């Protein structure tokens, strides 16, 4: 049987065979669980009795800017995906441009979110709703910030010529996290901006 | 050589002394203090985990003995109520979080790569990080207690008692932040186990040939990945309620105290299984060796392990039966809690059948493993009883529950762990543990444990509530508590005999060969203690019992090959295989000694301390240090095969 083992094998961190890629999959699982528990806390507190007008405090939050911001984040995922396909074709220019665009859009998202925060008619310690709002969106912003740093590091490493069409495990690992951060925003957005319009209240 | 080839065709050859010597140079940890701090060897890390966890076991045991003295008779005042509260809370925290989980991580860390025929865990640096964070978290969690501000409202830390309004000191803040830090350790360790299980099994070790210990730890780790965020979040929200004015658990402001209980037990119940399933796995692998036959019902035991955990995610409300939840919720969670007896019983009958149909040899490890079956059954039955809502309403928060949880945790964790130490000690150290002292050790622990904890069922039925610091002489609980205290001291003496046996055998134990128990699995195929690279050539297995094939295999079936296999020696290399069939898939470049995991753990501790002091400057420093350490860690490395080959691609 042993002789059958003699075959050509890839060496090192190769595409989805890299241990880091598998580790990132399970990191995403545990991070996704964190958001499940955050949103569970939201819904659990949402169905408790509250004084009128305090859940959501000041009525459903306005959709406009948040919807635009959602689009920005989703486009950043597309840019990063475009970079991933680029390096698989050994196109380093596309890699750098896609990752850089993704990081830039992520930063724009953070700036807009910061202004959204300032726009809220309540503070962190007004009510359970306000606590939930700032903590859950804050958790997401922290994840976006980590993702932006990751994309910036990957952009820099790409410019240094570290990756080609055989060695791009780092890119796929970082991109996996970024796509997760974008996907989980959909759940956060739906919870805070859409469910009050659908009539979820105490 | 700075760059790494993209592909290679490794040769298959028998192992030779020259190869072993080359591998030793490649894999050996550097000598001295640097090597001690920088090692990523799973065996080194595993032993550290085990020693640290045993140190916490002894601390937690001393705490228990102190408050058992306080409870030994009515109206005693050895301890003040506040001291008593801190002692029993720190005892619970220590045993459940700092001993029971980490000790199993230690055994699995040491044993997994050997059981699976691998060179190391899939992510050796993450392994080191996991240990260092565990150590830092243990120090943080004990720091409050050391200066008189230990957690003091029970290990499950219910609000509102844990809220700022009722608990003004730093006690709960330190507990909350330390638990979040510990959660990170457990999470990264769990990710490492899952990835190792999926990717590092030697060729031929398809998932139906994996030792049950690996199934147990895999199941526990997968559960941790999903469950730990619940408790980390709960503690963070509590810290925010206490320090930055949020209102998650503040009922007066519209929050919910029950939200704490839900988040805590959504984690807490899966955690209970996480700290017993790997120990059951140790018994499933160790017991058959002393019955001279393979485990009865391998497949159903593996499936029952997984099924227990799946059901274990749907039973958390049985900790909350008395909180006034709706009837539908009580019925559902009661049914789930009772059904979980089925997969548990599968294990019990499999172990019994293994003894029944085998030829048992009554060694010390056998005694610990076999007695575990009895203790597990007693703890299981009392758990089954309290799974029923009306019984639970009668018994909740009494000593009956204390008896139940100690039968479960000591019976299913401590007894198998001590048995496993007797069993694997020769592999760890190259020496046998003393058998005669082992008998004394076993019988003292067994008698002491049952004398100490069985009467608690009765004091519970007599209505004695848990967590009271003393009781009146008119309650009729004096004698039963005195017996409990005597039993607990006898049990403590048993643990002391165990420590003595370890110390004695380390120095003067009989020298063990590679396979002193004539056991069937791969860890016994390498030397005792194993070389830094574990296996000189990668073994290939053809059954669950590679070392018992001569006596078990049917004629004409394929045999496992151990002294001959893939030679991976161009740097630190390991074989990555496919997740289900374990076909060779990639040659992995493994990292060597590095201080980065230690630095990252220290940076995380800086952040934790900053939050505990509510000092935003220290917090910011911690964040910057963490980012720097992670950047250094992930910087693409040519020797790990992470970068393009510049010289070749020009």
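Read-outs: derived from the displayed coordinates by stated rules, not from any lab. The structure presented is a predicted model; accordingly, all values stated were derived computationally and were not measured. Neighbour counts are summed over all protein chains in view; Cβ atoms, including those assigned to glycine, are modelled from backbone coordinates with ideal geometry.
Each helix, a run of at least 4 DSSP H residues, gives -39500 (n - 2.57); summed and divided by the residues of chain A, these come to -23500 deg cm²/dmol at 222 nm. Dividing the convex hull volume of the alpha carbon atoms of segment B:261-362 by its residue count gives 95 Å³ per residue. Run through all the Cα pairs of segment B:103-164 and give the fraction in each 10 Å bin from 0, expressed as whole percent. Pair shares across the bins are 18, 32, 24, 19, 8, 0.
Its alpha carbons give segment B:214-324 an Rg and a Dmax of 18.6, 64 Å.
Relative to the dominant Cα principal axis of chain B, helix B:81-93 is inclined by about 30°.
Mean projected area of the convex hull spanned by the Cα atoms of segment B:314-380, taken over all viewing directions: 5.5 nm².
Over segment B:69-135, the Kirkwood radius and the radius of gyration, each from Cα atoms, give a ratio Rg/Rh of 1.28. Mean residue ellipticity at 222 nm, helices only, chain B: -20000 deg cm²/dmol; runs of at least 4 DSSP H residues each add -39,500 (n - 2.57), and the sum is divided by the number of residues.
In segment B:1-160, one over the average inverse separation of all distinct C-alpha pairs is 19.1 Å, which is the Kirkwood hydrodynamic radius. Take the Cα coordinates of segment A:109-185, assign each an equal point scatterer, and use the Debye formula without solvent to give log10 I(q)/I(0) at q = 0.21, 0.25 Å⁻¹. The Cα Debye sum returns log10 ratios of -0.92, -1.12. Under 8 Å for C-alpha pairs, at least 6 residues apart: give me the relative contact order for chain B, rounded to a whole percent. Over chain B, the number comes to 21 percent.
Give the Debye-formula value of log10 I(q)/I(0) at each listed q (0.22, 0.31, 0.34 Å⁻¹), with one equal scatterer per alpha carbon of segment B:508-550, two decimals each. Debye output, listed in q order: -0.79, -1.17, -1.24. The residues B:594, B:357, B:398, when put in order of fewest to most other Cβ atoms within 10 Å, stand as B:357, B:594, B:398. Shown is the FRET efficiency for residue B:146 and residue B:552, computed with R0 = 41 Å from the Cβ-Cβ distance and rounded to the nearest 0.05: 0.15.
Modelled this way, with points 7 Å down the Cα-to-C-beta line, the labels at residue B:16 and residue A:71 are 6.9 nm from one another.
In the frame of its principal axes, segment B:12-61 has Cα extents of 51, 25, 14 Å, reported largest first.
Its relative contact order, with pairs defined as Cα atoms under 8 Å and 6+ residues apart, puts segment B:237-338 at 21 percent. Shown for A:77, B:130: other C-beta atoms within 10 Å of each C-beta, ranked fewest to most, produce the order A:77, B:130.
Using the Cα coordinates of chain B, the gyration tensor eigenvalues translate into equivalent-ellipsoid semi-axes of 41, 31, 23 Å, sorted from longest to shortest.
The orientation-averaged shadow of the Cα convex hull for chain A, equal to a quarter of the hull surface, comes to 14.1 nm².
Helix B:415-429 and the long axis of chain B differ in direction by around 30°, with both axes built from C-alpha atoms.
The ranking of B:435, B:645 from fewest to most other beta carbons within 10 Å of each one's beta carbon is B:435, B:645.
One compactness figure for segment A:38-88 is 1.84, namely its Cα radius of gyration divided by 2.2 N^0.38 Å. Scaled against the 2.2 N^0.38 Å expected of a compact globular protein of N residues, the Cα radius of gyration of segment B:427-577 reads 1.67. When its C-alpha radius of gyration is set against 2.2 N^0.38 Å (N residues), segment B:511-624 gives a value of 1.68. Note on the protein assembly as shown: Cα-Cα pairs beyond 41 Å make up 37% of the total pair count.
Under the criterion of Cα pairs below 8 Å and six or more residues apart, the relative contact order for chain A equals 35 percent.
When you work out D = kT/(6 pi eta Rh) for segment A:45-121 at 37 °C and 0.692 mPa s, using the Kirkwood radius from C-alpha pairs as Rh and the Stokes-Einstein form, the result is 222 µm²/s. Computed from Cα positions, the angle between helix B:327-339 and the longest principal axis of chain B comes to roughly 50 degrees. Normalised Debye scattering of segment A:1-62 at q = 0.15, 0.17, 0.26, 0.29 Å⁻¹ gives log10 I(q)/I(0) of -0.71, -0.79, -1.06, -1.11, counting only Cα atoms as equal scatterers and leaving out solvent. With a cut-off of 20 Å on the backbone N, the residues of segment B:279-312 near the modelled label site 7 Å out from residue B:208 along Cα-Cβ are B:285, B:294-307.
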